[in-house]
């Protein structure tokens with residue numbers, strides 16, 4: 001056996017070690033991204049969950065104005081801090097809509113009373129069916145939908161204060 | 001000590017908070033009355049990846065979203081939809097990631113070609129070995 005071939009297993013081992021170190025240093029993205037970015041919002045019509053809050057349908061989103069559609073829930077812990085950031089966005093003129101996942105009216109009323117209510121409309125999605133049809137995989141997630149009802153951007157995880165600039169610029173692009 | 005207790009209590013509370021207060025969807029843990037349809041649904045659910053517990057299929061996962069996806073699969077199968085159509089509908093939303101069934105797209109070619117390549121390399125090595133022995 002030639003000398004070079006003899007060192008092949010060692011070289012292979014080194015290659016594997018380098019690959020492992022590289023993967024440890026740059027962890028892969030485990031978020032599942034919706035493949036609907038750039039496509040129209042799937043048709044849906046969710047019923048209202050609170051008596052004083054209009055329901056949400058896909059037709060409400062295609063009204064010529066960009067919308068921020070927030071997939072949230074009263075039982076979702078990061079949503080508590082996110083809803084305050086959404087209020088800031090709302091105060092600067094953003095139209096914020098909510099899809100409440102697996103929620104109960106009483107829980108949601110309490111959630112909005114104690115954390116603020118930035119939502120123009122809230123649709124109830126008790127079995128996550130609209131969430132799945134949007135390609136969303138958890139709460140909270142947000143979608144920026146342009147005036148024609150096309151999804152322009154998906155934000156996975158809570159919108160933090162530091163994301164406000166990003167969200168506003170995405171909304172501006174969707175105008 | 002009190003601090004430790006508090007930490008234990010916090011660790012305990014976390015998984016409880018990750019779920020909603022609503023009961024599971026109707027078809028999430030209930031078999032379809034038609035055994036043929038149930039077998040179809042079962043086969044599909046084992047090939048769909050859970051969005052929450054990413055190493056599990058939705059048939060295996062206890063996550064609420066997996067339950068809601070099982071409900072979706074069973075309701076659509078009961079309504080007469082073909083499993084391939086349901087899979088395609090989900091792939092349209094989540095990409096091929098959602099399906100465990102390998103596709104024939106270019107990214108998967110190495111997967112299909114690897115066994116063939118390994119067999120050829122093995123054959124070549126054995127041939128060399130035999131030749132060397134004879135020599």
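Please give the calculated 222 nm ellipticity per residue for the protein assembly as shown, where each DSSP H segment of at least 4 residues contributes -39500 (n - 2.57) and the sum is spread over every residue; nearest 500 deg cm²/dmol? Mean residue ellipticity at 222 nm (helix-derived): -15000 deg cm²/dmol. Highest average first, the peptides A:101-107, A:25-31 ordered by how many other beta carbon atoms sit within 10 Å of their residues are A:101-107, A:25-31. All C-alpha pair distances within the stretch A:23-173, sorted into 10 Å bins from zero, spread as 11, 45, 35, 7, 2, 0 percent across the bins. Considering only beta bridges that DSSP places wholly inside chain A, some 60 percent are antiparallel.
Using DSSP, restrict attention to beta bridges with both residues in the protein assembly as shown and report what percent are antiparallel, rounded to the nearest 5. Here the antiparallel bridges make up roughly 60 percent for the protein assembly as shown. With all pairs of different C-alpha atoms in the average, the Kirkwood value for the hydrodynamic radius of the protein assembly as shown is 22.7 Å.
Give, to the nearest whole percent, the P(r) tail of chain B beyond 19 angstrom, counting all Cα pairs.
The calculated P(r) of chain B puts 65 percent of pairs beyond 19 Å.
On the beta carbon distance between residue B:60 and residue B:129, with R0 = 35 Å, the FRET formula returns roughly 0.20. Work out the FRET efficiency for residue A:92 and residue A:40 from their Cβ-Cβ distance, taking R0 = 22 Å, and round it to the nearest 0.05. Working from the Cβ atoms, E equals 0.25. Per-residue mean of foreign Cβ neighbours for A:3-11 is 0 (Cβ atoms of other chains, 10 Å radius). Across peptide A:126-138, the mean count of Cβ atoms from other chains lying within 10 Å of each residue's own Cβ comes to 6.
Working ranking of peptides A:10-20, B:83-93, B:69-79 by packing, defined as the average number of other Cβ atoms within 10 Å per residue, highest first, is B:69-79, B:83-93, A:10-20. For a modelled paramagnetic label at residue B:97, 7 Å from Cα along Cα-to-Cβ, the residues of the stretch A:2-37 in reach, with backbone nitrogen under 16 Å, are A:27-37. Distance from the Cα centroid of the stretch B:77-135 to that of the stretch A:19-83 is 33 Å (rounded to whole angstrom).
Once Rh for the stretch A:1-107 is found with the Kirkwood sum over Cα pairs, what is the Stokes-Einstein diffusion coefficient at 10 °C and 1.306 mPa s, in µm²/s?
85 µm²/s
The numbers here are math on the coordinates, done by the rules we state, and not lab data. A quick note: this is a predicted structure, and the numbers were derived from the prediction, not measured. For neighbour counting, all protein chains shown are included, and Cβ atoms are generated from backbone atoms with ideal geometry for every residue, glycine included.
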